[in-house]
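J.: One structure, as structure tokens, below. Some questions next.
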Amino acid sequence: MLDLIRKKQKSVFIKLAFAIIILSFVIGYAMLTSPGDTGDAQGNSVAVSIDDDAISFADYQTAYGNLYALYQNIYREQFTPELEKQLGLRRQTLDMLVEQVLLSREATRLGLKIGDKELVDAIARVPAFQENGAFNKDRYLQVLAYQRLTPEEFEGRQRQQLLAEKAREAIVGQVVVGDADIDEEYRRQNEQINLAFVRLAPAGFEDRARIDEDGLKTFFESAKEDFRLPETVALRYLLFDPARYAGEVVASDEDLEKYYRRNLDKFDIPEQVKAAHILIKVPLDADAATRESQRQRADQVLAEVKAGKDFAALVRQYSDDQGTVPKDGDLGFFPRGVMVPEFEQAAFAMKPGETSEIVTTPFGYHIIRCDGYIEPGIKPLEEVRDEVKAEVVAEKSRQLALEKAMDAYNINRKTGDLESAAQANALEIRETGFFKRDGAIDGFGPAPEISATAFTLGEKDLARPLVLPQGVVLFGLKERQESRIPELSEVRGAVEEAYRKQRSRELARAAADELLAALQKGGSLTERAAADGLRTEETGLFSRANGDFLPRLGNAPELAQAAFALEKELAAVPAVHEVDGTFVVAALKERQAADPAALDAAGREELKGMVLTRKKEEMFKEKMDALKKQANIVESPAIQASIEKDI
């Protein structure tokens with residue numbers, strides 16, 4: 001997921017898109033927002049204040065909606081709720097708006113201004129206001145009207161946006177990149193290192209994790225909340241089984257006709273072909289000589305088929321498809337979409353009795369014989385009358401069961417008298433055991449429809465009948481057990497397991513710390529690990545281009561940063577790092593330096609641009625951080641709660 005974000009953010013498109021949204025977040029990227037009342041009582045209240053300036057919820061919501069639409073346009077089907085959280089769109093939106101205010105102030109301090117011509121030119125460049133690549137005034141007014149903005153309102157905000165952008169350029173305008181910066185960046189990007197490392201997994205220490213009673217009790221006391229028993233309920237219910245009412249149902253010819261017409265898709269007859277084949281198999285990794293040899297063999301078999309020899313006998317003599325040889329090559333009837341495309345195309349192109357030429361597929365060479373064909377169509381009602389009648393009876397029985405359950409519910413819902421409902425319908429009251437919200441329910445298994453209502457019921461409440469695969473169920477609360485902290489004896493097994501895992505982690509971490517301490521006194525990691533009976537592995541050479549990913553270890557950003565800071569071979573990474581639940585001790589095995597002399601002029605220029613962009617971003621962030629510290633920025637509780645959704 002993070003790799004996807006990085007790749008997208010490096011693209012030219014996203015840089016252009018960000019420029020557009022910063023320049024004109026009110027209009028939105030490609031008019032993806034819609035006009036209208038926010039419908040939010042918070043709309044005119046303050047989302048965040050910066051000293052005496054305030055940003056309203058309305059502006060925040062507009063900017064967030066546009067940023068959301070922008071990313072949705074960029075990532076398309078890959079834009080999932082998980083990705084939205086990774087991107088932190090709510091925090092991005094707020095930071096953007098706060099920075100706009102701070103930049104506007106900085107522009108005033110620097111005496112910067114936006115002339116009328118600058119404003120006009122900038123507005124004319126907004127794609128939303130163009131037709132055939134040129135600014136169109138009618139289009140401009142139409143878009144603003146759609147967004148419920150007057151030209152004066154938009155142009156005022158646009159002037160502030162441009163002023164903020166000019167202030168940004170003033171902040172980063174003094175950044176320069178020298179030859180030394182380019183050389184250092186080249187070395188940083190292209191030097192490679194190889195790490196030796198030892199993994200110490202907690203699972204390897206479980207047999208040493210002894211359980212002592214005092215330790216277990218202390219652990220349980222410190223982690224009681226982790227073992228809290230959830231709220232549970234038990235139910236009493238009536239099951240209205242549709243089969244019970246099937247004898248009361250009448251299925252008329254009109255009912256059958258109506259059901260048949262409404263469900264024609266159930267009676268489709270797909271186009272099908274019946275085929276047999278002879279396969280001369282060719283391995284996927286076969287060389288040209290092998291393929292040619294097998295092709296000649298296939299040609300020989302085809303010649304015998306054309307000479308009139310018995311197809312079944314040729315299957316038994318030559319075919320490599322051991323699954324169909326005992327059936328004389330018969331594949332039976334099959335519809336489209338089952339066989340590989342090459343085979344399907346040939347099979348459906350033939351008429352019964354015809355034999356194909358050589359057909360090449362990933363499996364090899366085929367000779368196909370067509371033995372039958374079924375045209376697509378729909379089974380007539382008379383042919384499926386019994387099936388249709390059974391479905392109509394089942395459907396009407398379910399409806400009758402629901403009606404009887406609803407009658408029982410409406411008559412008894414105020415009293416919650418399930419006994420009266422059972423007596424009136426000659427049904428037996430059944431009971432479930434206790435179950436938690438996401439647990440299986442006796443007689444029903446996992447049934448979220450029941451759980452969603454069961455935990456809201458009072459003592460004499462009846463739930464509205466539910467239609468389930470088992471039938472229609474009318475239920476009420478039998479008993480409720482509130483959530484509570486259990487005694488150790490009730491959850492001892494789970495506590496022991498958790499305690500053992502914690503002790504295993506502690507032992508693994510202690511062993512890793514001991515190994516690192518010994519390594520720092522001298523010697524190689526391989527020698528120290530061998531003395532403790534541990535296996536040393538290597539990442540192989542890798543560069544910073546890998547990002548946070550270390551070969552054979554996985555994503556480990558802190559370890560990667562520490563590894564590239566090492567200078568001497570055999571030097572140990574100065575701390576134990578945890579990677580995917582395993583403790584890692586690592587040391588520099590090899591470093592391959594990168595020589596900037598290998599850079600040509602074009603490469604140096606490209607690298608210069610990259611360094612310049614990065615240094616500008618760093619300078620801008622540094623300035624924004626300083627301005628934020630100087631300002632009194634207060635985020636509303638509602639905004640903070642909104643941002644926490646992304647965490």
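J.: Is it true that residue 452 is in a helix (DSSP H, G or I), aliphatic (A, V, I, L, M) and surrounded by 13 or more Cβ atoms within 10 Å (Cβ to Cβ)?
T.: Against the criterion (in a helix (DSSP H, G or I), aliphatic (A, V, I, L, M) and surrounded by 13 or more Cβ atoms within 10 Å (Cβ to Cβ)), residue 452 does not qualify.
J.: What number of residues within the stretch 251-281 satisfy the criterion of being farther than 30 Å from residue 359 by Cβ, open to solvent by 20 Å² or more (accessible area, probe 1.4 Å), in contact (Cβ under 8 Å) with a residue 24 or more places away in the chain and more than 40 Å from the chain's Cα centre (by Cα)?
T.: The number of residues fulfilling the criteria is 4.
J.: Would you tally the residues in the stretch 332-368 being within 22 Å of residue 311 (Cα to Cα) and open to solvent by 70 Å² or more (accessible area, probe 1.4 Å)?
T.: Residues meeting the conditions: 10.
J.: Open to solvent by 80 Å² or more (accessible area, probe 1.4 Å), within 30 Å of residue 219 (Cα to Cα) and either touching a Lys or Arg at 6+ places or on another chain (Cβ under 6 Å) or assigned to a loop (DSSP other than H, G, I, E, B) (or both): which single residue out of 505, 437 fits that description?
T.: Sole residue among the options that is open to solvent by 80 Å² or more (accessible area, probe 1.4 Å), within 30 Å of residue 219 (Cα to Cα) and either touching a Lys or Arg at 6+ places or on another chain (Cβ under 6 Å) or assigned to a loop (DSSP other than H, G, I, E, B) (or both): 437.
J.: A follow-up question, please. Consider residue 620 against the criteria (1) among the hydrophobic types (A, V, I, L, M, F, W, C); (2) surrounded by 15 or more Cβ atoms within 10 Å (Cβ to Cβ); (3) within 31 Å of the chain's Cα centre (by Cα): it satisfies all of them except one. Which criterion is unmet?
T.: (3)
J.: So, in the stretch 51-63, of the ones that are open to solvent by less than 40 Å² (accessible area, probe 1.4 Å) and in contact (Cβ under 8 Å) with a residue 24 or more places away in the chain, which residue ends up farthest from residue 633 (Cα to Cα)?
T.: So the residue we want is 63.
J.: Which of the residues belonging to the stretch 311-329 are of a type in the set (D, E, K, R) and open to solvent by 90 Å² or more (accessible area, probe 1.4 Å)?
T.: Correct list: 316, 327.
J.: Okay, next question. Considering only residues that are assigned to a helix (DSSP H, G or I) and of a type in the set (D, E, K, R), which ones fall in the stretch 176-195?
T.: The answer is 179, 181, 183, 184, 185, 187, 188.
J.: I would also like to ask the following. Scan the stretch 74-102 for residues that are farther than 29 Å from residue 628 by Cα and surrounded by 15 or more Cβ atoms within 10 Å (Cβ to Cβ) and report the count.
T.: Number satisfying all stated conditions: 3.
J.: Return the only residue of 244, 199, 210, 236 being assigned to a strand (DSSP E or B) and open to solvent by 80 Å² or more (accessible area, probe 1.4 Å).
T.: 199
J.: Across the stretch 134-175, which residue is farthest from the chain's Cα centre (by Cα) among those that are open to solvent by 70 Å² or more (accessible area, probe 1.4 Å) and of a type in the set (S, T, N, Q)?
T.: The residue in question is 174.
J.: If you check 545, 529, which single one turns out to be open to solvent by 70 Å² or more (accessible area, probe 1.4 Å), in a helix (DSSP H, G or I), among the hydrophobic types (A, V, I, L, M, F, W, C) and more than 30 Å from residue 452 (Cβ to Cβ)?
T.: Residue meeting the stated conditions: 545.
J.: For the stretch 151-160, state whether one or more residues are assigned to a loop (DSSP other than H, G, I, E, B) and of a type outside the set (A, V, I, L, M, F, W, C).
T.: No, the stretch 151-160 contains no residue that is assigned to a loop (DSSP other than H, G, I, E, B) and of a type outside the set (A, V, I, L, M, F, W, C).
J.: Further question on the same structure: Given the criteria within 30 Å of residue 551 (Cβ to Cβ), of a type in the set (Val, Ile, Thr), over 38 Å from the mean Cα position of the chain (by Cα) and open to solvent by less than 70 Å² (accessible area, probe 1.4 Å), does residue 182 qualify?
T.: For residue 182, the condition - within 30 Å of residue 551 (Cβ to Cβ), of a type in the set (Val, Ile, Thr), over 38 Å from the mean Cα position of the chain (by Cα) and open to solvent by less than 70 Å² (accessible area, probe 1.4 Å) - is met.
J.: Pick from the stretch 72-95 the residues that are within 25 Å of residue 638 (Cα to Cα) and of a type in the set (S, T, N, Q): which of them is farthest from the chain's Cα centre (by Cα)?
T.: Checked the stretch 72-95; the qualifying residue farthest from the chain's Cα centre (by Cα) is 93.
J.: Can I ask one more? Looking only at residues in the stretch 372-413 that are of a type in the set (A, V, I, L, M), more than 44 Å from the chain's Cα centre (by Cα) and open to solvent by less than 60 Å² (accessible area, probe 1.4 Å), which one is nearest to residue 476 (Cα to Cα)?
T.: 408
J.: Separate question: Looking at the stretch 107-125, is at least one residue open to solvent by 70 Å² or more (accessible area, probe 1.4 Å), out of contact with any helix residue (DSSP H, G or I) (no Cβ under 6 Å at 6 or more places or on another chain), under 19 Å from residue 631 (Cβ atoms) and free of Cβ contacts under 8 Å to residues at least 60 places away in the same chain?
T.: yes
J.: I would also like to ask the following. Looking only at the stretch 578-585, decide whether some residue is in a helix (DSSP H, G or I), among the β-branched types (Val, Ile, Thr) and surrounded by 14 or more Cβ atoms within 10 Å (Cβ to Cβ).
T.: no
J.: Here is a further query. Do we find that residue 165 is in a helix (DSSP H, G or I) and free of Cβ contacts under 8 Å to residues at least 60 places away in the same chain in this structure?
T.: No.
The values are calculated or read from the model by the stated rules, or taken from the named source; none is laboratory data. The structure presented is a predicted model; accordingly, all values stated were derived computationally and were not measured. Cβ coordinates were reconstructed from backbone atoms using ideal geometry, including for glycine residues, and neighbour counts include every protein chain displayed. Side chains are part of the model used for accessible areas, which takes the heavy atoms of the whole protein and leaves out ligands, DNA and RNA. Shrake-Rupley method; radii C 1.70, N 1.55, O 1.52, S 1.80 Å.
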